[in-house]
Amino acid sequence: MTPLLDITDLTVAFATDGAPVTVIHGLDLAVASGETVALVGESGSGKSVTSLAITRLLDYTGGRISGGRIAYTDAQGAVQDLAAATPQTMRALRGPEIAMVFQEPMTSLNPVLRVGEQIAEAVRLHQGLDEAAALAEARRLLARVRIADPDRQLRRYPFELSGGMRQRVMIAMALSCRPRLLIADEPTTALDVTVQAQVLRLLRGLQAETGMGMIFITHDMGVVAELADRVAVMQHGRKVEDGSVGQIFAAPQHPYTRALLAAVPVLGALSGQTLPRPFDIAGTKLPPQDTVRDETPVLEITDLVTRFDVRRNFRLRGRVHAVEQVSLAVRPGETLALVGESGCGKSTTGRSVIGLETPTSGMIRLDGDDITRSTAASDRRLHREIQFVFQDPFASLNPRLTVGFSIAEPMRTHDIAHGAEAERRVHDLLAEVGLTPEHAQRYPHELSGGQRQRVCIARALASEPRLIIADEAVAALDVSIRAQVVNLMMELQRRRGLAMLFISHDMAVVERVSHRVAVMYLGQIVEIGPRQAVFTNPAHAYTARLLAAVPVPDPARRDRSLDLDDSEVPSPLRALSDPPIVRPLIEIGPDHFVARHSVGGRY
Amino acid sequence: MLAYLARRLGGTIPVLVAVSMFVFGFVHALPGDPARLQAGPEASPADIAAIRTEMGLDGSIVEQYLRWAGNTLQLKLGRSSKTRQPVAQVIGERFMPTLWLTVVAIVWSTVVGILIGVISGLNRGRWIDRAGMVLAISGVSFPGFWLGLLMIGLFSVRLGWLPTGGYGTWQHFVMPSFCLGVGVAAVMARFTRSAFVEAMGEDYVRTARMKGLSERVVAWKHTLRNALIPVITLSGLQFGFLLGGAIVIETVFSWPGLGRLLVDSVSFRDYPVIQAEIMLFSIEFVMINLIVDLLYAAANPEIRLK
């Protein structure tokens, strides 16, 4: 049987000012109908370029297929070489034969067109239906991707939908002309875990129904294990390994595949241990993170409330209850993880602590002193002793300043060191975060993502803080780099006795780094306690849902019957007359507290 | 939408108050005494004082401002110190010619500018793009008054096709509105091109292509509306530029409009006319910006619905 898609010796190059740069070197890849092939690799490995080459969207990006064949067998059984197809041929194939779901649901839909029209136009074009029939088909497709109230959603604009709903709209659009090959390029990377689980299950179900072939591009080995039949691993534009999903996970042959799998955080890896432990990189086993010595907290938050007023036409129409009566404490040498999904208030909590948001009420204490009300003296102390590491290491470094200057700035601001002394300290800090003194002269754009995040960490350390708030600090990094940076942060904690508030949505990383975990939902903490207790005996239904949604990087443990609901998280925006119910948490074990009252109506 | 309009209208009040203070203060900071100028060289100090009182120029500067602002609000604009005609009448006669000139100029320049911009953006890097952009650069670099003089030389003096100046028939409009709009069309073309090229690189354009849509649909349906959103904002700013340009162009083509009136009034220190006219320009400019914001909301559902 001929495969649906058979790529042989594909080479792709991009034009630059000098000689063209080859980004795909002699790739071979085959996909059969009904089969899911996962294309995995880290950023720059060429996996997305491969998808652009197959669809020939490459033509619009300045890239060129410089060699090889992309044999595609169409519905009539005719084999076409997509590498040599004309734009007209490609246009006829896009939609009814080959469809694609992109990574960014936020930007991949046209902001000025209604959702219904965006789906219906493809239906009209390829199936020759009239306006009304195409819109009815769009409605049916929305229902099929489990969007509630499809009649209403048809008339909405993309900005009115959540990320998960937009991605479903993208899928509905891709499926609208019953494609025989679906390419999904990191379709769930920008989504929350529970939403990711919903979307993956949807794709799996639709594939079973339609028998389409699927290329699934991802860097997440957990997703690969959930979904793929076969796996092709790419590195620097070359396929380094190819095999069935079981084979790749059980007996990876290539060193890069082995390294990639070793760096993947596996949820449950530390279920038998009370203390966090760094990742094992390159065979080195690091000891558990036994760093909590002092029971007196560095940071203590009591009943913190942060709300944002929503006004319309000068009148107060409602409030976003971003943070509702959150209480927590972090001790020296301890990492407290704040977990939850987008919009749960975890970032606002962190930002409220250092005054990036103004808390509505509550108390924040640093070493026992009240710093809630901002004064010049309290701000000075706050900004010296608590430092922040942000998610996007590129956006949070000034592109016009050298790395050395950025790191030295807090030293000068807080009068810790000047001149040659500051320079010496910058060099020490760079060494401490695994860079070299030469990096001080560089600008952010000359560094890789991982190096930039190391610089951000060095800058955070420059004022010799006692607490670091890391807001999704490793979320934007590739798996192998992520493991290194997590280990670095843990090493700094061991060496300096740092306290850490680790804000993250990645449960597997959280398991690695944290001594204690607080789970947030709709602005409230629903469960807080020692990491092992929370992860092995989640007492709150939302914690359990969050943990169950994490894909397990083990194809043997794939659970296709997993019960998931397709509902959306309720909005934290509430009417003035309808404040949320908040009650004290109940202690159910040593230091383990859980909410027993109804939060947001569902939990 | 009505509430939005009311809010935006309310927001223009402080702007206009600030402008009025600035206009008043600036005119009064000019050297020279208008009362003395009006009274003539033979006048006695008592005559000058009487004229000063009549012109509302006695008392402290604050008093003078409040008196002027109060009168202006009641549309009592006073009389021109040059011709003794009511200011409202002087401006009224000149208002329509300038309005028509600027409207004709902005309409043709916006349409042509956007068209050139889109065509250039669609054919990026090809000869038609280069030609469009050479045209645009020339349009920006060529001073309107010089172009006006050249055109008069060619079309009026040599060929005798069009009148050298004045106001009345459509032939009178051709050269002034062309010269006035050229710079705007050029700026719009360049800006539209870059907005269009940028929008063509957006993710939703890739999505549109992936549906198998033709490049024509991708460009006109999916890209243009998104690209026009920033262009709308620019067109509002360009209107202010046109008002400024009208002063020069009206002089070149002896156009009986507000621009020339302003120049004449400044040379005669005709305070009431200058002040009234600048206030009028400001109100026009504020209103245009309001209209632009409403258009912006119409083009962008995210603004409209929030």
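The values are calculated or read from the model by the stated rules, or taken from the named source; none is laboratory data. Here the structure is a predicted model, which is why all the values come from computation and not from measurement. Virtual Cβ from ideal backbone geometry, glycine too; neighbours counted across all protein chains shown. Note: accessible area is taken over every heavy atom of the protein model, side chains too, but ligands, DNA and RNA are not part of it. Shrake-Rupley method; radii C 1.70, N 1.55, O 1.52, S 1.80 Å.
What fraction of the DSSP beta bridges in segment A:300-594 is antiparallel, stated in percent and rounded to the nearest 5? Write down the numbers at each step before the final one.
Numbers: 29 of 47 bridges.
Restricted to segment A:300-594, the bridges split so that about 60 percent are antiparallel.
Mind checking the mean number of beta-carbon atoms from other chains within 10 Å of the Cβ atoms in B:218-225? Please list the in-between numbers first.
On the way: counts 1, 0, 0, 5, 5, 1, 1, 4.
Whole-number average of other-chain Cβ neighbours for B:218-225 is 2.
Starting from the residue with the highest accessible area, list B:220, B:68, B:170 in decreasing order, probe 1.4 Å. All intermediate terms of the calculation are to be shown ahead of the outcome.
Details: B:220 115, B:68 40, B:170 170 Å².
Accessible-area ranking of B:220, B:68, B:170, largest first: B:170, B:220, B:68.
Near the amide H of residue A:241, under 5 Å away, which other amide H atoms are found, from residues 5 or more places off or on another chain, if H is placed in the peptide plane?
So residue A:241 has HN proximity to A:233.
State, to one decimal in nm, how far the label point of residue A:133 lies from the label point of residue B:62, with both points 7 Å from Cα in the Cβ direction.
Going by the 7 Å Cα→Cβ label model, 7.8 nm.
Hey, any idea what % of the protein assembly as shown's accessible area is carbon plus sulfur with a 1.4 Å probe? Mind dumping the intermediate values first?
On the way: 22920 of 39470 Å².
For the protein assembly as shown, the apolar C and S fraction of the accessible surface comes to 58 percent.
So what's the back-of-envelope 222 nm ellipticity for the protein assembly as shown, counting only DSSP H runs of four-plus at -39500 (n - 2.57) apiece and dividing by all residues, rounded to 500? Present the calculation step by step, with values, prior to reporting the outcome.
Values: 32 runs with 425 residues, N = 909.
Result for the protein assembly as shown: -15000 deg cm²/dmol, rounded to the nearest 500.
Taking the Cα-to-Cβ direction at residue B:237 and at residue B:107 and moving 7 Å from each Cα, how far apart do the two end points lie in nm?
Rounded to a tenth, the inter-label distance reads 2.6 nm.
Can you send over the solvent-accessible area of residue B:248, 1.4 Å probe, protein chains only, in Å² to the nearest 10?
Taking all protein chains as shown, residue B:248 has close to 70 Å².
Using a simple spin-label model with points 7 Å from Cα along the Cα→Cβ vector, what separation in nm is obtained for residue B:13 and residue B:33?
Between residue B:13 and residue B:33, the label points sit 3.9 nm apart.
Which far-off residues, 5 or more places away or on another chain, put their amide H under 5 Å from the one on residue A:46, with H placed in the peptide plane?
Sorted by chain and number, the residues that satisfy this are A:237.
Quote to one decimal, in nm, the extra length available between residue A:2 and residue A:413 on full extension: 0.36 nm per residue of separation minus the C-alpha distance between them. Don't skip to the end; give the middle numbers.
Working: separation 411, 0.36 × 411 = 147.96 nm, distance 6.76 nm.
Once the chain is fully extended between residue A:2 and residue A:413, it gains 141.2 nm.
In percent, how large is the relative contact order of segment B:137-225, given Cα pairs closer than 8 Å and 6 or more residues apart? Display every interim value, and only then the final one.
On the way: 53 pairs, mean separation 24.1, N = 89.
Value for segment B:137-225: 27 percent.
What FRET efficiency, computed as 1/(1 + (r/R0)^6) with R0 = 30 Å and r the Cβ-Cβ distance, is obtained for residue A:443 and residue A:475, rounded to the nearest 0.05? Walk me through the intermediate numbers first.
Values: r = 24 Å, r/R0 = 0.79.
For R0 = 30 Å, the calculated efficiency reads 0.80.
Once you keep just the Cα pairs under 8 angstrom separated by 6 or more residues, what percentage relative contact order results for chain B?
Working: 332 pairs, mean separation 73.1, N = 306.
For chain B, the relative contact order is 24 percent.
For Cα pairs less than 8 Å apart in space and 6+ apart in sequence, what is the mean separation divided by the residue count of segment A:300-594, i.e. the relative contact order in percent? It would help to have the intermediate numbers written out before the result.
On the way: 514 pairs, mean separation 72.7, N = 295.
It rounds to 25 percent for segment A:300-594.
Specify the longest stretch of chain A that does not include any exposed loop site, a site being one of the trypsin sites (Lys or Arg not before Pro) with a non-H, G, I, E, B DSSP assignment and at most 11 other Cβ atoms within 10 Å. Working shown, then result.
Values: sites that count: A:285, A:293, A:373, A:400, A:560.
Looking at chain A, A:1-284 is the longest stretch - no exposed trypsin sites (Lys or Arg not before Pro) with at most 11 other Cβ atoms within 10 Å.
So the label point goes 7 Å from the Cα of residue B:283 along Cα→C-beta, right? Which residues of segment B:1-35 then have their backbone N under 20 Å from it?
Answer for segment B:1-35: B:5-27.
Buried by at least 30 Å² relative to the chain on its own: which residues of segment B:265-306 qualify, computing accessible area with a 1.4 Å probe on protein heavy atoms?
Buried by the other chains: B:301, B:302, B:305, B:306.
I need the calculated FRET efficiency for the pair residue B:137 and residue A:491, taking r as the beta carbon distance and R₀ as 60 Å, to the nearest 0.05. Write out the running numbers ahead of the final one.
Details: r = 57 Å, r/R0 = 0.96.
The formula returns an efficiency of 0.55 here.
Indicate the gyration tensor shape class of segment B:90-304 (rounded, prolate or oblate), computed on the Cα atoms with a ≥ b ≥ c the square roots of the eigenvalues: a/c under 1.5 is rounded; otherwise a/b larger than b/c is prolate and the rest oblate.
Details: a/c = 3.02, a/b = 1.65, b/c = 1.83.
Here segment B:90-304 falls in the oblate category.
Between B and A, buried accessible area summed over both sides at probe 1.4 Å, in Å² to the nearest 100?
Numbers: alone 16750 and 25330 Å², together 39470 Å².
Interface between B and A: roughly 2600 Å².
List every residue whose amide H lies under 5 Å from the amide H of residue A:402, counting only residues 5 or more places away in sequence or on a different chain, with H placed 1.01 Å from N in the peptide plane.
none
Count neighbours as other Cβ atoms within 10 Å of each site's Cβ, and list the trypsin sites (Lys or Arg not before Pro) in segment B:27-77 that are DSSP loop with at most 13 such neighbours. Mind showing how you got there, number by number?
Working: sites: B:36, B:52, B:67, B:76; in loops: B:76.
The qualifying sites are B:76.
Per residue, how many Å² of accessible area does chain B show with a 1.4 Å probe?
Working: 15390 Å² over 306 residues.
Ligands and nucleic acids excluded, the figure is 50 Å² per residue.
Using a Cα distance threshold of under 27 Å, what count of lysine pairs results for the protein assembly as shown when pairs must be 8 or more residues apart or interchain?
Details: A:47/A:239; A:47/B:211; A:346/B:306; B:211/B:221; B:221/B:306.
Eligible lysine pairs with Cα atoms under 27 Å apart amount to 5.
Over the protein assembly as shown, what is the percentage of antiparallel beta bridges among all DSSP beta bridges, to the nearest 5? Let's see the in-between values first.
On the way: 57 of 94 bridges.
The antiparallel fraction comes to roughly 60 percent.
Would you mind finding the longest exposed-site-free stretch of chain A, with exposed GluC sites (Glu not before Pro) meaning DSSP loop and at most 16 other Cβ atoms within 10 Å? Provide the component values of the computation, followed by the final result.
Details: sites that count: A:295, A:568.
Longest site-free region, per DSSP loop and neighbour criteria: A:1-294.
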